[in-house]
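Asker: Okay, here's the structure, questions in a sec.
The values are calculated or read from the model by the stated rules, or taken from the named source; none is laboratory data. This is a predicted model, so every value here is computed, not measured. Glycine gets a Cβ as well: all are built from the backbone with ideal geometry, and neighbour counts include every protein chain shown. Quick note on the areas: whole protein, heavy atoms, side chains included, nothing else; ligands and nucleic acids left out. Shrake-Rupley method; radii C 1.70, N 1.55, O 1.52, S 1.80 Å.
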Amino acid sequence: MLQERRLNSNGEQYVVGPTGTPLTLRDLPPSDTNRWVIRRKAEVVAAVRGGLISLEDALEKYRLTAEEFLAWQKAIDKWGMQGLRTTRIQSYRD
């Protein structure tokens with residue numbers, strides 16, 4: 001589901017991030033991110049869902065597979081942000 005596009009006081013497009021705060025392109029994780037903590041994964045999912053960045057651009061920028069991104073999205077939908085914990089993956093598997 002796409003969120004409504006909004007502009008902040010600087011004229012930058014933003015979406016509401018996973019913590020409820022505005023998320024702009026500048027706030028997204030750097031493209032060389034190697035350590036994917038829960039918040040960073042959730043930010044990328046929120047940005048794609050909100051139309052801030054396309055799925056194709058996110059996959060390319062972060063060197064992700066579609067399956068990996070979709071797994072993040074599914075985990076958020078099913079268990080919330082805690083579903084993104086890699087150390088807990090066994091607990092959250094179907």
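Asker: By accessible area of protein heavy atoms, probe 1.4 Å, what ranking do L52, L25 get, highest first?
Answerer: From most accessible down to least: L25, L52.
Asker: Can you work out the FRET efficiency for the pair E60 and Q82, with r the C-beta to C-beta distance and R0 = 35 Å, to the nearest 0.05?
Answerer: 0.80
Asker: If you don't mind, another one. How much length is gained on full extension from R35 to R49, taking 0.36 nm per residue of separation minus their Cα-Cα distance?
Answerer: Gain on extension, R35 to R49, equals 2.9 nm.
Asker: Just read off the accessible area of I38 with the full protein assembly in place, 1.4 Å probe, to the nearest 10 Å².
Answerer: Roughly 40 Å² of I38 is accessible to a 1.4 Å probe.
Asker: Moving on. With only Lys, Arg, Asp and Glu charged, each at its Cβ (+1 for the first two, -1 for the last two), find how big the charge dipole of the stretch 5-64 is about the Cα centre; round to the nearest 20 debye.
Answerer: The dipole of the stretch 5-64 has a size of about 200 debye.
Asker: Go ahead and estimate [θ] at 222 nm for the chain from helices alone: -39,500 (n - 2.57) per DSSP H run with n ≥ 4, summed, over the residue count, rounded to 500.
Answerer: Calculated at 222 nm, the ellipticity per residue is -11500 deg cm²/dmol.
Asker: Further question: Between K74 and E12, take the C-beta separation as r, use R0 = 22 Å, and let me know the FRET efficiency to the nearest 0.05.
Answerer: After rounding, the FRET efficiency stands at 0.15.
Asker: Continuing with the same structure: Can you compute the equivalent ellipsoid semi-axes for the chain, i.e. the square root of 5 times each eigenvalue of the Cα gyration tensor, sorted largest first and rounded to whole Å?
Answerer: Listed largest to smallest, the semi-axes of the chain are 23, 14, 12 Å.
Asker: Averaging sequence separations of C-alpha pairs under 8 Å and six or more residues apart, then dividing by the length of the chain, give the relative contact order as a whole percent.
Answerer: It rounds to 25 percent for the chain.
Asker: At a Cα cut-off below 22 Å, give the lysines reachable from K61, other chains included and same-chain residues fewer than 8 away excluded.
Answerer: Of all the lysines, those that pass the test against K61 - Cα under 22 Å, at least 8 places apart if same chain - are K41, K74.
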